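Encoded as structure tokens, the structure appears first; notes follow it.
What follows is calculated from the coordinates using simple rules that are stated; it is not laboratory data. Source: prediction; values computed, not measured. Here the Cβ is made from the backbone with ideal geometry for all residues, glycine too, and neighbour counts use every protein chain on show.
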Amino acid sequence: MAGLLPVADALARVLAGATALPEEWLPLAEADGRVLSRDLVATRTQPPAAVSAMDGYAVRAADLPGSLTVIGESAAGRPFSGTLPAGTALRIFTGAELPDGADTIVIQEDTARHGDHVSVATSSPRGRHIRPQGLDFAEGMVGLTAGTRLDPRKLALAAAMNHARVPVHRAPRVAILSTGDELIEPGSTPGPGQIVSSNALAVALLVRREGGIATDLGICPDRLDATLAAVRGARQAGFDILVTSGGASVGEYDLMRDVIEHEGAELGFWKIAMRPGKPLMMADLGPMRLLGLPGNPVASFVCSTIFLLPLLRKLAGRRDIEAATEEATFAVDVGPNDLRADYLRASLDWRDGRLVATPAPVQDSSMIRVLAEADALVLRAPHAPAAPAGSPCRIIRLSQRGLPPAG
């Protein structure tokens, strides 16, 4: 087991040299999840003038309390033209512009209307129920900074600042290639020794969740010529990342190292100190970065979570790169670890005010069912000592189970 690369060093190599992809402009409706490539400045002031925050009457504070003559109204989109004289009031609605001369709003419930007059029994301080000009933002203000990942709330702000399109980093383009004579597509009838391919689907969905563009290149047989042709096709198509599944181990039909050599590239690394996922490999094929995932489904998923997703985030221009972790406690006793970092599939629960993790009793990297039922990956450092129940641990969340109870 000598010579295994630590996970942190492997991740550093995967991210080394990766920079945010070039800029493109997208309509707001197509920019959800994308990252701003430059600051976005407000092109208008909001509100553009002082407006009422309530339905009621715009008046002069100095005239209160008293009976005032109603001289008109102001509604949103239909402002009153003119100045409010002393001793008068203006019927006003929420969002309507405040007329010159008015300095406070009396809400409708605090008034009594009699024909053209309105009675107000109490005083009202200046500025009450008024939204001043520029309360939200002012023209020329930076409303969204470069590096911001856009979501519905932030895109609503961009729209309010009067932008129809936004500058974002191009989405990473990812090709996914499965290798192995034993693989068949989902929905097919397996023959002797065949299994249904699931890795490509999982990787593609992870890529799309992160805002990348995933292209499944299908299943390649265990032949060097076919694998070389598929890899060269991905390079010619201009993909940013090629993710291969299988072919990264030490068997006679594991061909990815031979492909990398035929392409004149150097192996960035091969074999890392983690479980599952030891045979992960990386290489740069010109501008396209190759990640060779293990063929075991759980190892493929875990390696995608730890290595592929951070690479996607960096290419997309995001600030949050590495997988987010949080603290939990073990619900059961856990034995000591060996020289490899371990990523244990576990269920989560909330007990006595604490988030607790229960690792699955069997952690075989071929068991997709255990992965599907897991709520988190529990991180175990190399050579971690035995941990009794109640000991702290770090997790990478896979589901929303185990969130603190409401209230």
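Listing for the model above:
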item	result
Footprinting exposure proxy for Ile105, Ile213 (fewest neighbouring C-beta atoms within 10 Å first)	Ile213, Ile105
The stretch 144-186: trypsin sites (Lys or Arg not before Pro) falling in loop per DSSP and having at most 10 other Cβ within 10 Å	none
Within the stretch 289-308: backbone nitrogen closer than 15 Å to the Glu185 label point (7 Å, Cα to C-beta)	none
Per-residue Cβ neighbour rank within 10 angstrom, fewest leading, His383, His163, His129	His383, His129, His163
222 nm mean residue ellipticity, helices alone, for the chain (DSSP H n ≥ 4; -39,500 (n - 2.57); rounded to 500)	-4500 deg cm²/dmol
Theoretical gain in end-to-end length, Arg351 to Glu24 [0.36 nm per residue, Cα-Cα removed]	113.0 nm
Given the chain, longest segment not containing exposed loop GluC sites (Glu not before Pro) (DSSP; at most 11 other Cβ within 10 Å)	1-251
Chain lengthening between Ala381 and Leu339 when straightened (0.36 nm per residue, less Cα-Cα)	14.3 nm
Long-range HN-HN contacts of Val70 with modeled amide H, under 5 Å	Ala89, His117, Val118
Cα-based shape type of the stretch 266-407, given that a ≥ b ≥ c are square roots of the gyration tensor eigenvalues and the cut on a/c is 1.5	prolate
Residue of Ser245, Ser178, Ser81 that the Gaussian network model of the chain assigns the largest fluctuation, springs spanning Cα pairs under 10 Å	Ser81
Long-range amide H partners of Ala102 with built H, under 5 Å	Leu84
Projected-area mean, the stretch 159-278, by convex hull of Cα positions, square nanometres	11.0 nm²
Neighbour-count order for Phe137, Phe307, Phe80, fewest beta carbons within 10 angstrom listed first	Phe137, Phe80, Phe307
Phi-based couplings in Hz for the stretch 284-293 (Karplus 6.51, -1.76, 1.60; Gly and Pro marked x)	9, 9, x, x, 8, 8, 9, 10, x, 7
Per-residue ³J(HN,Hα) for the stretch 371-381, Karplus 6.51 cos²θ - 1.76 cosθ + 1.60, θ = phi - 60°, Hz, x for Gly and Pro	5, 5, 7, 6, 9, 6, 9, 8, 8, 10, 5
The stretch 147-196 - convex hull of the alpha-carbon atoms, volume per residue in Å³	143 Å³
Leu285 long-range amide H proximity, modeled H, under 5 Å	Leu290
Fluctuation leader among Asp136, Asp342, Asp284 - the chain, Gaussian network, Cα springs under 10 angstrom	Asp136
Under the Karplus curve 6.51 cos²θ - 1.76 cosθ + 1.60, θ = phi - 60°, whole-Hz ³J(HN,Hα) for the stretch 217-231, x wherever Gly or Pro sits	7, x, 9, 10, x, 7, 9, 5, 5, 5, 5, 4, 4, 5, 5
Whether the stretch 207-325 is rounded, prolate or oblate, judged on the alpha carbon gyration tensor where a/c under 1.5 counts as rounded	oblate
GNM top mover of Met288, Met161, Met367 - the chain, alpha-carbon springs below 10 Å	Met367
Rounded to the nearest 20 debye, dipole of the chain from Cβ charges on Lys, Arg, Asp, Glu	500 debye
Computed over the stretch 326-397, the ratio Rg/Rh where both radii use C-alpha atoms and Rh is Kirkwood	0.94
Cα→Cβ-extended label distance, 7 Å offset, between Thr329 and His117, nm	7.2 nm
